[in-house]
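The values are calculated or read from the model by the stated rules, or taken from the named source; none is laboratory data. Predicted model only: the values in this text are computed from it and were never measured. We place every Cβ from the backbone using ideal geometry, glycine too, and count neighbours over all the protein chains shown. Ligands, DNA and RNA are excluded from the accessible area calculation, which covers all protein heavy atoms including side chains. Shrake-Rupley method; radii C 1.70, N 1.55, O 1.52, S 1.80 Å.
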Amino acid sequence: MEFSLIDGTLAELECDALIVGKYRGDMTLSAKDLCLASGGVLEKWFESGDASGCQGEAAIFRRVPGVKAERVVVVGLGKEKDGAQNFELAVKTALKAVYFAKKIVIVSDDWLGVDPVWAVEKTARFMVESFEKSEDWKSSHKVQWKQPDSIAVYVPEKTTEFEKAFSYGIALGKSMMMAKDLGNMPPNLCTPKFMAEKCISIGTQLNIDVTVFDEEALKKLKMGCLLGVSQGSAQPPRMVVMEYNGGEKDNPPICLIGKGLTFDSGGISLKPAKSMDEMKYDMSGAAAVVASIAAASALKMPLNIVAIIGCTENLPGGNAIKPGDILTSYSGKTVEVLNTDAEGRLVLCDLISYAIDKFKPATVIDTATLTGACMVALGKEYAGLFSNDEDLAYALLQCGQNSLDRCWRLPLCRNYAEALKTNFADIANIGGPFAGASTAAAFLKFFVGDDTSWAHLDIAGTAWNSEGKTKGSTGRPVPILVDYLRTRTA
């Protein structure tokens, strides 16, 4: 399938499906152009109610007079004042309506009053998401996955700005598909060893240096918390460090850290059986971090970036850690394990300490499907954001809005750290029954300290969908991470 950016006279474009937008009661500029080219025929069809403009609806008109496209597809945009809120739904509705067409052109730069460059970028991303199929493991495919031969985004005139936006959108879409494919893999295939091998493969393709630390190497580093989580599994753990050097040699890197629990049963503190299959998604943070550094390399961003993932399973084997055990972290600080299902923070604390010690990063951002409490607070729309740096927090909030991968800042005050005090170690891995997302973030902050700019994204509610045909990885938070990296190149 070919993705492209095109310009020209709208009515002269030869394609199977030409997509334009329409509001409730009004038309976009591109729809008006086609009405004019048709000698008013298309406008009469609109007036008769054949295209209402209601959000989520699409009407198809064949062989419109004066228009060379075989079909004109009019997608409903709702109310113009809704802006970017309706943009993603409109694009995906339109693309779903023309899945059968071989050659598609979409005109979305005049939709909903959004910035035309932003519209081109997001449309390019949604094209990849809509038409590139995720892998599955069915024994046969009786129905072939239908894809167009080509799909193009129309702009009035190709400019450098439009071309950069289009290229960025395609690269981001492909990186999101990478994260989705990793997240959707069954846990018997997506093991810590597989994740490490996948990172090596990506690094080879994209000129990223990759170092893999096996169990013996982790023991030498004294990563007692990560190793403690892995004790109950027959699958040995891996830590993977990926380094992309696109910036000046002496510039400190931006460090992305991802939780990579390839399966989380909860360990001795066993989870309920219902929906436990979804705990294969507990490596979504790691998948997003790998996909984000891959996008940065593909886009040749002038930055130094380090991505670190810690991959293991959390299972209730005979050697598994127990509530009451005390682990010694890479930093030397001790942790009392009060709940073995609070394992992600144990993995992350070793990775964070290692990253700060080894790379002296300018910024650390970790991302993890960390707490059910965050999902209770924010649902499936927003990721939870915690940070010790006001400028970093503001930047991520803005990137979340721009990328349609929204986050919401949650509190991180001293009282949450107080809840983690214990008589027997430096810190406990859980607090009391309340504010679980904030106490988890406070645990991580204990290992970050005050001298490093740091943010934590809790993606427990946003990393995957649980229901019906939409069940599967969402590819989040790749958009917000890559958008943040882009802002650092400005």
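Side notes on the structure shown:
- Of all residues in the range 277-300 being out of contact with any strand residue (DSSP E or B) (no Cβ under 9 Å at 6 or more places or on another chain) and surrounded by fewer than 24 Cβ atoms within 10 Å (Cβ to Cβ), the one that is farthest from Glu467 (Cα to Cα): Lys300
- Count of residues meeting criterion [farther than 20 Å from Asn429 by Cα and either in a helix (DSSP H, G or I) or open to solvent by 40 Å² or more (accessible area, probe 1.4 Å) (or both)] in the range 390-414: 17
- Against the list (1) open to solvent by less than 10 Å² (accessible area, probe 1.4 Å); (2) more than 20 Å from Asp405 (Cα to Cα), the condition Phe100 fails is (1).
- So Phe434, is it open to solvent by 20 Å² or more (accessible area, probe 1.4 Å), free of Cβ contacts under 8 Å to residues at least 60 places away in the same chain and either among the acidic types (Asp, Glu) or out of contact with any Phe, Trp or Tyr (no Cβ under 9 Å at 6 or more places or on another chain) (or both): yes
- Each residue in the range 461-484 was checked for being open to solvent by 10 Å² or more (accessible area, probe 1.4 Å) and either in contact with a His (Cβ under 8 Å, 6 or more places away or on another chain) or within 21 Å of Gly344 (Cα to Cα) (or both), and 6 pass.
- Among residues of the range 437-460, those that are open to solvent by less than 40 Å² (accessible area, probe 1.4 Å) and acidic (Asp, Glu), counted: 1
- Unique residue being modelled with pLDDT of 95 or more, surrounded by fewer than 19 Cβ atoms within 10 Å (Cβ to Cβ) and either within 17 Å of Leu5 (Cβ to Cβ) or over 24 Å from the mean Cα position of the chain (by Cα) (or both) when the list is Glu70, Glu121: Glu70
- Unique residue being under 25 Å from the mean Cα position of the chain (by Cα), touching a residue at least 12 places away in the same chain (Cβ under 8 Å) and open to solvent by less than 40 Å² (accessible area, probe 1.4 Å) when the list is Ala51, Ala94: Ala94
- Criterion: on the phi < 0 side of the Ramachandran plot, at pLDDT 95 or above and among the acidic types (Asp, Glu) - qualifying residue of Asp136, Asp115, Asp149: Asp115
- Selection status of Asp264, of a type in the set (Asp, Glu), under 17 Å from the mean Cα position of the chain (by Cα), within 22 Å of Ala179 (Cα to Cα) and open to solvent by less than 10 Å² (accessible area, probe 1.4 Å): no
- Among (1) part of a loop (DSSP other than H, G, I, E, B); (2) under 18 Å from Ala17 (Cβ atoms), the one test that Gly53 misses: (2)
- The residues in the range 382-410 that are more than 23 Å from Ala119 (Cβ to Cβ) and of a type in the set (S, T, N, Q) can be counted, and the count is 2.
- Residues of the range 368-387 classified as among the hydroxyl-bearing types (Ser, Thr, Tyr) and more than 17 Å from the chain's Cα centre (by Cα), total: 2
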